[in-house]
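Report on the following structure.
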Amino acid sequence: GNYSCNFLRIKDEYADPRAYGMIYIDIKSNDVKFKLDTYKEIIDKDLIVLSYNSTEIILAERENKNSKFTITKNAKKLELKSDLMNKTVGEISVYELKKE
């Protein structure tokens, strides 16, 4: 399916629309597309599925399997944790995904 998330890219700049970014994830079988779209950068990555079960999907960059993305289902929420996002944003965060 298709999933997205709007997040604050620049802390303490709530009123500035450029301070926000979007995460897009498109999962089709073992072919996964990740896109990060912010005022500072646009990052496109091809991901692969490393493992999955009923509550968690673990993805990795096709070219760098050490860069992992974890989507976890908690109650009715889908949460994303990502090495790439932590490095890009500069802090460890969890992002709530919405199914489109």
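The values are calculated or read from the model by the stated rules, or taken from the named source; none is laboratory data. Just so it is clear, the model here is predicted, and its values are computed rather than measured. Ideal geometry is used to build each Cβ from the backbone, glycine not excepted, and the neighbour counts take in all protein chains shown. Accessible surface areas use protein heavy atoms only, side chains included; no ligands, DNA or RNA. Shrake-Rupley method; radii C 1.70, N 1.55, O 1.52, S 1.80 Å.
At most 16 other Cβ atoms within 10 Å plus a DSSP loop assignment makes a site exposed; report the longest stretch of the chain without any exposed trypsin sites (Lys or Arg not before Pro).
Excluding the exposed sites themselves, the longest stretch runs over 12-39.
Select from region 32-96 those chymotrypsin sites (Phe, Trp or Tyr not before Pro) which occupy a DSSP coil region and have at most 14 other Cβ atoms within 10 Å, ordered by residue number.
Qualifying residues, ordered by number: Tyr39.
Could I have the simple spin-label model distance between Val94 and Asn74, label points 7 Å from Cα toward Cβ, reported in nm to one decimal?
Calculated label separation equals 0.1 nm.
How much net charge surrounds Lys33 when only other residues with a Cβ under 15 Å from its Cβ are counted (Lys, Arg +1; Asp, Glu -1)? Could the numbers behind the result be given before it?
Details: positive: Lys28, Lys35, Lys45, Arg62; negative: Asp26, Asp31, Asp37, Asp44, Asp46, Glu61, Glu63, Glu100.
Local charge sum for Lys33: -4.
Over 19 Å between Cα atoms, which of Lys40/Lys81; Lys45/Lys68; Lys76/Lys99; Lys28/Lys87 qualify?
Lys40/Lys81; Lys28/Lys87
On a 1.4 Å probe surface of the protein chains, which of Glu91, Glu63, Glu79 comes out largest in accessible area, and what is the full order?
From most accessible down to least: Glu63, Glu91, Glu79.
Where the accessible area of region 19-100 is counted over protein heavy atoms with a 1.4 Å probe, how much of it, in %, is carbon and sulfur?
49 percent
Compute the FRET efficiency between Glu56 and Tyr20 as 1/(1 + (r/R0)^6), taking r as their Cβ-Cβ distance and R0 = 35 Å, and round to the nearest 0.05.
0.80
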